[in-house]
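Enquirer: My questions will all concern the structure given below.
Just so it is clear, none of the values below were taken in a lab; they were calculated from the coordinates. Keep in mind that this is a model prediction, so the values were computed, not measured. Cβ coordinates were reconstructed from backbone atoms using ideal geometry, including for glycine residues, and neighbour counts include every protein chain displayed.
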DNA sequence: AATGAATGAGTCTTCATTCAT
DNA sequence: AATGAATGAAGACTCATTCAT
């Protein structure tokens, strides 16, 4: 086995994806340059183009991976035997474990329309749409079982996502970052219980 | 006095600000070019630079004006005699009247970190920070009067803003646009009452 | 009046066209870089793009101008009263006056297919096509008047153009450059009289 | 000896030359990429560089081979007993049999100066120079024997080549492609007989 | 010897900013 | 004061060439 610090050559695609992911998360799509990504990945600029036809495609791949990853986490965590609220919080807890990924999710969801409508439409909303539709299914179930109050499942799912994002990374600059327990407690408080007095 | 059809010279600054405001709202910061702004404002490109040292400064001025304007609307609408929830909804209602402005608020809040940290930090969060701090004051009051449940006023104010934005423009692509009444009802539902049954 | 060496600002478009023309003639389309052209024209690189949307459009403009210019020279020189051969030689003589332009005509006609079919088809052949069709009209006339032997006018026009080009710039590297009189004499010899003995 | 389906290693060089030859003919020098050539030759890209130091050298080798091949065809076809015109047409007929090769000759002769003077000078004109000098020798002979009119043998040879090229591939886009008989007849008509009446 | 993944110099193009008029 | 022609730094992308396997 190699004793040097060299990475396996097959790592390169992953290196690029990870560097790009970090860069998009930190600076957004437009402000991320291919030079930057190459430098951060420790590869030549041309190398990126052996894996991805162009910047847009690199971006789309990251989005796609992200969606798949999130879905996977959710599926694995879901326990149909538990009440809705518990499942919801458990999944959030799991997803929160990927703190790194969050930067990207958030950045992306902020930047949805950054590209002029053309790319926005076909592109980025995929993440949110996919997540929302997934949650909405479970919201419907929960309503049917009388676990939560009657409401438009899609709008509710959408609001949940927004609250969740607000509590995790988005607020980084606007309020003190919350630890996992605080996020879960706050989510329960704002989303489920409401502010109105008893 | 001029006898030509020329507008007063002092108009030019306002023309630029308004054109830029519309452009930033529609396309975002990066996708807005100074040519665009000049054309939309009906002035020469160079004229912009007689008022604003650079694109960034133009942008910051718009942000500042926006904050002031919002504060003003809120102040004028607030009636200390009314309970918190009522005031909150009345103010939202007022702000909603400026549908145009919304495009900008939303676009801006999405784009907060678009610029690489440097500009983001010093720049755009000002809007949200200012709004949140304003709301937080009233939240504190409301808690003191027992009008709403105990909570961190800043976090609560922050969550309110996020929910509000989620219900207005942000969702444009993710759920049907809501009319003013729907926004207010939904805000009351999600923010004040919560999803939990009974 | 200016005593400096400054050219009139309005010259810039022409400067670019001329520099590009020279460059295309000397190196061909692909081997000509926009940096080169800018440098040669004594303007900034961006200036080119204020006049021409891209390299291709710059190129097409040059081609168009060239066609117009050649047509103009021919029209002005043509004297319907003279026999075909005389007119032909007079026009060639005139066109030969623009020795500079020749480099471009030749280079272009060599490079016709350099671009992969797409651009070639829509683009460069325009020059030759236009010239050939013009000559072919006069060839038809001459045949009708019995001034030259029966033949396919278009093919004959085409061959004439090729011979002419062969005698002027194309041969620069393959035989001693000929002066104007030699070109005219040779053209008469090869094109009209033929090699066959009496 | 290898028992696999591998071709002899010495085949590889020829495969590369042929693939490159086809590619240069079809797309020209600049538009031909080494990837293309490798793919078409069915070898790895690196393999090309074991035979040829760089793209330019590969190109030059093809040119050299082409010259040799043409000379060979001409030598084998020439019958000193026949009159000049007959020999000329017989050789052309033979060369025309290599329709494939033509693509390359033509493309090359068009692209002679494509490379900026440096490569052009040292490179491509070799083909034409060699052909012309070969023909010129026979022209001299023919003149000495009184088979054709007095003229500068080199210039005449040069004009013959140009007319020939004009009649074969070059005109592809400017007139209907001619079949072998039409080429020979037209060559006789334009080159030997001339357009002048009676 | 053969390979093709990796590289980075070199291209075209955009756009914030300047400055002569 | 106002203009917009001119600029060049910066970005996405290509491709001849190298080198570890």
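Enquirer: Hey, can you rank A:30-40, A:16-26 by average C-beta count inside 10 Å, highest first?
Expert: Ranked by mean Cβ neighbours within 10 Å, highest first: A:16-26, A:30-40.
Enquirer: With the label 7 angstrom out along Cα to Cβ, how close does residue A:188 come to the same site in each of the other copies, in nm, nearest first?
Expert: Inter-copy label distances (nm, one decimal, shortest first): 2.8, 10.4, 10.8.
Enquirer: I'd like the distance separating the alpha-carbon centroids of region A:143-162 and region B:37-85, in whole Å.
Expert: 37 Å
Enquirer: Okay, moving on. Peptides B:153-161, D:79-87, B:50-58: what's the order by average Cβ count within 10 Å, highest mean first?
Expert: B:153-161, B:50-58, D:79-87
Enquirer: Peptide D:148-160: average number of partner chain Cβ atoms within 10 Å per residue?
Expert: Neighbouring Cβ atoms belonging to other protein chains average 5 per residue here.
Enquirer: Here's something else I'd like to know. Quick one: with label points 7 Å out along Cα→Cβ, list the inter-copy distances for residue C:144 in nm, shortest first?
Expert: 5.0, 8.7, 10.4
Enquirer: In addition: When a/c is below 1.5 the answer is rounded, else prolate if a/b is larger than b/c, else oblate, so apply that to region C:8-52 with a ≥ b ≥ c taken from the square roots of the Cα gyration tensor eigenvalues.
Expert: prolate
Enquirer: How many nanometers, to one decimal and shortest first, lie between the label point of residue B:49 and those of its other copies, if labels sit 7 Å from Cα toward Cβ?
Expert: 1.7, 3.3, 4.6
Enquirer: Let me ask something additional. What is the mean number of Cβ atoms from other protein chains located within 10 Å of the Cβ atom of each residue in peptide C:26-38, rounded to a whole number?
Expert: 3
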